[in-house]
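**Student:** Mind looking over this structure? Questions follow.
The values are calculated or read from the model by the stated rules, or taken from the named source; none is laboratory data. Owing to the predicted nature of the structure, the values given are computational and were not obtained by experimental measurement. Positions of Cβ are backbone-derived with ideal geometry, glycine not excepted, and every protein chain shown enters the neighbour counts.
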Amino acid sequence: MHTKFKFCTSFILVFCLIQTLHAQYFEVGLQVGGSNYLGDLSNNSSTVYLQETRAAASIFGRYQIGRPIALRAGFHWAMIGGQDSNSKDALVYNRNLSFRTQLQEFSLLLEWNIPGIDPLTLTTPWSAYLFVGLAGTHFNPQAQLDGVWYDLQPLGTEGQGLANYPERKPYARFAVALPFGIGVKYALNDKWTLSMEVGARKAFTDYLDDVSTTFVETIPLAQARGAIAASLSNRALIEHPAYQPGAARGDSAVTDWYFAATLGIAYRFMDNGLRGARKRPVRRRAGCYD
């Protein structure tokens, strides 16, 4: 009896190991969709304007460790932008600032499938999932003047690098970001999976839009960086104390966010004998006999 119990226990352990190994596979995929942003030029970080939604796309590789957990590494490209003319607040509207930037993001994400997806037998062909991770993002805010787009960071629109503002250093055009979100995936067969995903990124910078601190004196800025820098630093439509040097141009207490909603497709590198077709698993009796 003792020998039979040991045999049964060993069989269960081997079976579980085989199932775990079968659940491991690698996928490559593509996502396309839209991107948006929340920051100083979206009504002072209070409104996400749907009309500012722009293109986004990603490529990724995903390693499924087991049914519930996967690791995903990817490159995400997006366009984001904002403008004060979207706001109904008169002070924000008349500030008259605007920007656009491309984002190039590299990320490493952890996915948690709920309840778990099983493309091997397709007994569980779909799953919701959560994801969280870490990313590095390159950005380069630009603004348009007289039909020409100008890179804003070299102009120091908030006095960065000027002798008048020694505490203000040029900001880096690279930021760490914290991505997280939700999605749902569906295995069409043992090779292809469709997905739909919505995610947010908290950027650890307040300069995706080139706006963060206060207005500066435009004459020293024009002398150091040129008339274009001065013009793009303060574009207020009216004379008002809210747009004078020292007044708040942005809010440095709140960093910027960006978002993406995408549809995706992934190809799975796995050989399970199904040959791309959906098949029902065959029930077999298993156990230990006396």
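**Student:** Anything in region 130-171 that is out of contact with any Pro (no Cβ under 9 Å at 6 or more places or on another chain) and within 30 Å of Arg62 (Cα to Cα)? List them, or say none.
**Tutor:** Leu130, Gly136, Thr137, His138, Phe139, Asn140 - these are the residues of region 130-171 that are out of contact with any Pro (no Cβ under 9 Å at 6 or more places or on another chain) and within 30 Å of Arg62 (Cα to Cα).
**Student:** Tell me, yes or no, whether region 276-290 has at least one residue that is modelled with pLDDT under 55 and farther than 30 Å from Thr123 by Cα.
**Tutor:** For region 276-290, residues modelled with pLDDT under 55 and farther than 30 Å from Thr123 by Cα: present.
**Student:** Something else now. Which members of region 86-98 meet the condition of being among the small types (Gly, Ala, Ser) and under 30 Å from Ser58 (Cβ atoms)?
**Tutor:** Answer for region 86-98, where residues must be among the small types (Gly, Ala, Ser) and under 30 Å from Ser58 (Cβ atoms): just Ser98.
**Student:** (1) surrounded by fewer than 17 Cβ atoms within 10 Å (Cβ to Cβ); (2) of a type in the set (Ser, Thr, Tyr); (3) without any contact (Cβ under 8 Å) to a residue 60 or more places away in the chain: which one isn't true of Tyr186, the others all being true?
**Tutor:** (3)
**Student:** Checking the conditions here, which among Gln142, Gln160, Gln153 is surrounded by 14 or more Cβ atoms within 10 Å (Cβ to Cβ) and without any contact (Cβ under 8 Å) to a residue 12 or more places away in the chain?
**Tutor:** Sole residue among the options that is surrounded by 14 or more Cβ atoms within 10 Å (Cβ to Cβ) and without any contact (Cβ under 8 Å) to a residue 12 or more places away in the chain: Gln160.
**Student:** Among the residues of region 37-93, what is the count of those that are assigned to a loop (DSSP other than H, G, I, E, B) and among the β-branched types (Val, Ile, Thr)?
**Tutor:** Number of matching residues: 4.
**Student:** Something else about it: So, of the residues in region 147-187 that are over 28 Å from Thr53 (Cβ atoms) and aliphatic (A, V, I, L, M), which turns out to be modelled with the lowest pLDDT?
**Tutor:** Ala187
**Student:** A further question on this structure: Is it the case, given these coordinates, that Phe106 is among the aromatic types (Phe, Trp, Tyr), under 17 Å from Phe204 (Cα atoms), in contact with a Ser or Thr (Cβ under 6 Å, 6 or more places away or on another chain) and in contact (Cβ under 8 Å) with a residue 24 or more places away in the chain?
**Tutor:** Here the answer is no, as Phe106 does not meet what is asked.
**Student:** Residues to consider are Arg249, Arg201, Arg225; find the one that is at pLDDT 95 or above, within 30 Å of Arg72 (Cβ to Cβ), buried (at least 18 other Cβ atoms within 10 Å of the Cβ) and of a type in the set (Lys, Arg).
**Tutor:** Arg201
**Student:** Regarding region 114-129, can at least one residue be identified that is within 25 Å of Pro141 (Cβ to Cβ), in a strand (DSSP E or B) and either out of contact with any Phe, Trp or Tyr (no Cβ under 8 Å at 6 or more places or on another chain) or aliphatic (A, V, I, L, M) (or both)?
**Tutor:** no
**Student:** Scan Ala175, Ala236, Ala224, Ala230 and give me the residue that is touching a strand residue (DSSP E or B) at 6+ places or on another chain (Cβ under 9 Å) and in contact (Cβ under 8 Å) with a residue 12 or more places away in the chain.
**Tutor:** After applying the criteria, what remains is Ala175.
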